[in-house]
Amino acid sequence: MTLPALPLDEWEATKVTLHLWVQIVGKVRMASAAPRNHWWHVPLYVDARGLTTRLLHARNGVSFDICFDFVDHRLVVRTNRGEVESFALVDGLSVAEFDRRLHEILAGLGVDVAIRESPFGVPMTTPFPDDTEHASYDPAAVERFWRILAWTEGVFEEFAGWYCGKTSPVHLFWHSLDLAVTRFGGKRAPALPEADAVTQEAYSHEVVSFGLWAGDQNVREPSYYSYTAPEPPGLGERPLRPDDAVWAEQATGSMALLPYEAVRTAADPRAALLAFLESAYEAGADAAGWDRADLESSWCPPEVSRTS
């Protein structure tokens, strides 16, 4: 597969609209799913046609799912009774209209839930039912984004298989629209009494996390990232691979970054991304004092295992 380019400037308006649509669907998922550790009941997942909530359970016993179909560019709701309802994702479909149509479909199927009708953790603050400003949709750009997510999901899954400790699913968090996978070292992290409830639950244990975001107001370039929490001393001084990878100081601490473009144009994109993930893991795990040898799975390649 030839990975496509995805400069943020060319689809930023679409990305903002899509992000808000995804937040609406994500909030429906959160309200329809039993709580899980580290907010694992909240994200969406990449699938063969776009993004999905996976199976949800309404209080009336009906099972359903919600899918962004980025092949036919439709929002699709299906139930275990055989019902399928959908509407087109098109340029000009505002956040307000998306929100109205989705709840109308869910209500008609008897599976609607109340959600907090406002964006979370993003610069946009207009409540969803009132947001007629964000209504951009470039289907070609969205399809490129989805295909990048799908390719990345495969590499993240391979990398996750090298580890036998607790590992998150590969999932898409709608907070920042990033595809992520997280490794846990096994120890509880120090309490964060001053943090909000979301942060306290997310970072209750020591982690090294990895992901991909498509760029935002702070980091314009689409990038792969990794961070270790809580951040151990000297993390940002440890080596990263490949050569294009750098440590960047963010408000939350040291972030390892590798531009998506460097992966896309590498002679072997998969190898380049795996090298970045492994080097960032080695940096975080070693700085935090994890026993890397004990945490390797039997699927960890010998050349990686020799570095432990």
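The values are calculated or read from the model by the stated rules, or taken from the named source; none is laboratory data. Predicted model only: the values in this text are computed from it and were never measured. No Cβ is skipped: glycine too gets one built from the backbone with ideal geometry, and neighbour counts run over all protein chains shown. Ligands, DNA and RNA are stripped out before the accessible areas are found, and what is left, the full protein with its side chains, is counted by its heavy atoms. Shrake-Rupley method; radii C 1.70, N 1.55, O 1.52, S 1.80 Å.
Can you confirm whether region 133-148 contains a residue that is closer than 21 Å to Trp39 by Cβ and surrounded by 15 or more Cβ atoms within 10 Å (Cβ to Cβ)? Within region 133-148, not a single residue is closer than 21 Å to Trp39 by Cβ and surrounded by 15 or more Cβ atoms within 10 Å (Cβ to Cβ). Candidates Pro230, Pro222: the one that is open to solvent by 30 Å² or more (accessible area, probe 1.4 Å), in contact (Cβ under 8 Å) with a residue 12 or more places away in the chain and not aromatic (Phe, Trp, Tyr) is Pro230.
Take Arg188 and tell me if it is open to solvent by 40 Å² or more (accessible area, probe 1.4 Å) and touching a residue at least 24 places away in the same chain (Cβ under 8 Å). No: the conditions fail for Arg188. The number of residues in region 49-59 being in a strand (DSSP E or B) and closer than 21 Å to Ala114 by Cβ comes to 2. Among the candidates Trp299, Trp290, the residue that is crowded, with 19+ Cβ neighbours inside 10 Å and of a type outside the set (Gly, Ala, Ser) is uniquely Trp290. Filter region 121-151 down to the residues that are hydrophobic (A, V, I, L, M, F, W, C) and over 18 Å from Glu10 (Cβ atoms) and list them by number. Correct list: Val122, Met124, Phe128, Ala150, Trp151. Residues of region 33-47 that are closer than 16 Å to Thr199 by Cα, assigned to a loop (DSSP other than H, G, I, E, B) and out of contact with any helix residue (DSSP H, G or I) (no Cβ under 6 Å at 6 or more places or on another chain): Pro35, Arg36, Trp40, His41, Pro43. Is it the case that some residue within region 123-136 is over 18 Å from Met30 (Cβ atoms), touching a strand residue (DSSP E or B) at 6+ places or on another chain (Cβ under 8 Å) and modelled with pLDDT of 95 or more? The answer is no, given that none of the residues of region 123-136 is over 18 Å from Met30 (Cβ atoms), touching a strand residue (DSSP E or B) at 6+ places or on another chain (Cβ under 8 Å) and modelled with pLDDT of 95 or more. Taking the criterion of being within 24 Å of the chain's Cα centre (by Cα), of a type outside the set (A, V, I, L, M) and open to solvent by 30 Å² or more (accessible area, probe 1.4 Å), the only residue of region 270-287 that qualifies is Arg270. Does at least one position in region 45-57 carry a residue that is modelled with pLDDT of 95 or more, in contact with a Gly (Cβ under 6 Å, 6 or more places away or on another chain) and either closer than 15 Å to His171 by Cβ or open to solvent by 10 Å² or more (accessible area, probe 1.4 Å) (or both)? Looking through region 45-57, none of the residues is modelled with pLDDT of 95 or more, in contact with a Gly (Cβ under 6 Å, 6 or more places away or on another chain) and either closer than 15 Å to His171 by Cβ or open to solvent by 10 Å² or more (accessible area, probe 1.4 Å) (or both). Of all residues in region 1-32, exactly one satisfies the criterion of being in contact with a Pro (Cβ under 9 Å, 6 or more places away or on another chain), part of a loop (DSSP other than H, G, I, E, B) and buried (at least 19 other Cβ atoms within 10 Å of the Cβ), namely Leu6. Among the residues of region 86-99, the ones that are open to solvent by 20 Å² or more (accessible area, probe 1.4 Å) and closer than 21 Å to Ala13 by Cβ come to 5 in all. Within region 129-142, the set of residues being outside any loop (DSSP other than H, G, I, E, B), over 21 Å from the mean Cα position of the chain (by Cα) and not charged (D, E, K, R) comprises just one member, Pro129.
Does Val208 qualify as being β-branched (Val, Ile, Thr), modelled with pLDDT of 95 or more, at negative phi and open to solvent by 20 Å² or more (accessible area, probe 1.4 Å)? Judged against the criteria, Val208 is not a match. Within region 267-295, the residues that satisfy the criterion of being among the acidic types (Asp, Glu) and without any contact (Cβ under 8 Å) to a residue 60 or more places away in the chain are Asp268, Glu282, Asp286, Asp291, Asp294.
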